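The values are calculated or read from the model by the stated rules, or taken from the named source; none is laboratory data. Here the structure is a predicted model, which means the values were calculated and not measured. So basically every Cβ, Gly included, is an ideal-geometry build from the backbone, and we count neighbours across all protein chains shown. What goes into the accessible areas is simple: the full protein's heavy atoms, side chains included, and nothing from ligands, DNA or RNA. Shrake-Rupley method; radii C 1.70, N 1.55, O 1.52, S 1.80 Å.
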Amino acid sequence: MSHNIQLQHIPHPLVCITFIVSLCFYYFYAPPPFGFPDVPWHLAAGDLILATGQIPRVDPWSHTAGDFQWYNISWLWDCFISLIVKAFGLEGLYVVMVILYALLLALVMQTLRSR
């Protein structure tokens, strides 16, 4: 029985280079996650959702909206980054975000190559 590596599952070198270069660039030159004012809010929302086990129906941090219906459309992302921070801290969140950005660019490169 032959143990051949199927070359169709190995990414093209250009895709790998795109991932590595963008990973290094984002890690060393991207602003930290808390440079964006929404990140602490998303972390707080994720913490609240994980603590209560439900998505809030009203905005708990708004002092003017009252009982107005509120839709948190990013609840899954909020929970994800909350879990990352609990497990790995803020540096871990930074690393995960950098990896996701680099993977996105590599995926774009792979898509462009296949066309």
TODO: Report the FRET efficiency, 1/(1 + (r/R0)^6), for Glu91 and Asp67, where r is their Cβ-Cβ distance and R0 is 41 Å, rounded to 0.05.
DONE: 0.60
Task: Angle between the chain longest axis and helix 75-114 axis [Cα atoms, degrees, rounded to 10] - done: 40 degrees
Open item on the list: Would the chain count as rounded, prolate or oblate if I go by the C-alpha gyration tensor, calling it rounded below 1.5 in a/c and otherwise prolate when a/b exceeds b/c, oblate otherwise?
Closed with: prolate
Task: Degrees separating the helix 38-52 axis from the principal Cα axis of the chain, which is the longest one - done: 70 degrees
Task: Simple label model, 7 Å out from Cα along Cβ direction - Ser74 to Tyr101, nm - done: 1.5 nm
Open item on the list: At 1.4 Å probe size, with the rest of the protein present, what percent of the exposed accessible area of the chain is carbon and sulfur atoms?
Closed with: 69 percent
- [ ] Measure nothing but the geometry: give the 0 to 90° angle between the long axis through the Cα atoms of 13-29 and the longest principal axis through the Cα atoms of the chain, rounded to 10°.
- [x] 40 degrees
